[in-house]
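Following: one structure in C-alpha cells, then a few remarks.
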Amino acid sequence: MGYLDLGASIGRKARAMQESAREFGMGVMRPAGIELDKLHDPAEVIAKGSRLWEVYRNSRELGFHKMMIPKAFGGMMEKMPPMAMSLISEQLGYADAGLAISLAVSSMPFAFAVISPDSQVRNWAREYSEDLEADMVGCWAITEPWSGSVMAQQPIIFPSVSSQ
C-alpha cells in the first residue's frame, strides 16, 4: 500500500474517532495547554481547580483513557478499528504534545495491570475504565537515580563487588 492509498483504507468509524479527537484536542487541550504552560509553579498545574483536570475529565468522557484496556476490563481495545489509536494519538499530540503524553502515561499502569497474577491489581484496570472523574491517574518513574534524565546530571558510581 502506498502512502497516498492510506487515507482510502481508513473506515468511517476510525475517521469519526479521529474527528472527535481533533475537536477535543483543538477545543479543550490546546487552550488548556496554553494556560497551563503560563503557570510558573508545578503545584498550580496539578492544583484542584486547574484546567489539567478538565482535560482529564473530558478525555475520559470520550473514552480515550480506555484505548489500551481490553474489553474484558471495561476498555475498548478490541472495539477500535486498527488505525484509530494512531489517528487519535496523532490528533491529541498535534493539539498539545505535553498533555497528550500525560494522558497516555496516565493509562499505562492500568493497561499493564491486566497481566498481573494478582486479581486485585487486575481489577485496577476495570476501576480505571469506569473512572470518569479522573480520580485514578497513573504515572511512570523516569527520573530514578540510576536511569532517566537524572543520569545526565550525576556521575554514576557502581558499588564494588567483592569476589569471594
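Where a number appears in this text, it was derived from the coordinates with a stated rule and is not lab data. Predicted, not measured: the structure shown is a model, and the values here were computed from it. Cβ atoms come from the backbone with ideal geometry, glycine included; neighbour counts cover every protein chain shown.
General remarks:
- Once the C-beta distance of residue 44 and residue 12 is scaled by a Förster radius of 35 Å, the resulting FRET efficiency is 0.25 to the nearest 0.05.
- Full extension of the segment from residue 130 to residue 112, taken as 0.36 nm per residue of separation minus the current Cα-Cα distance, would add 4.8 nm.
- Using the Cβ-Cβ distance between residue 90 and residue 57 with R0 = 25 Å, the FRET efficiency computed as 1/(1 + (r/R0)^6) comes to roughly 0.65.
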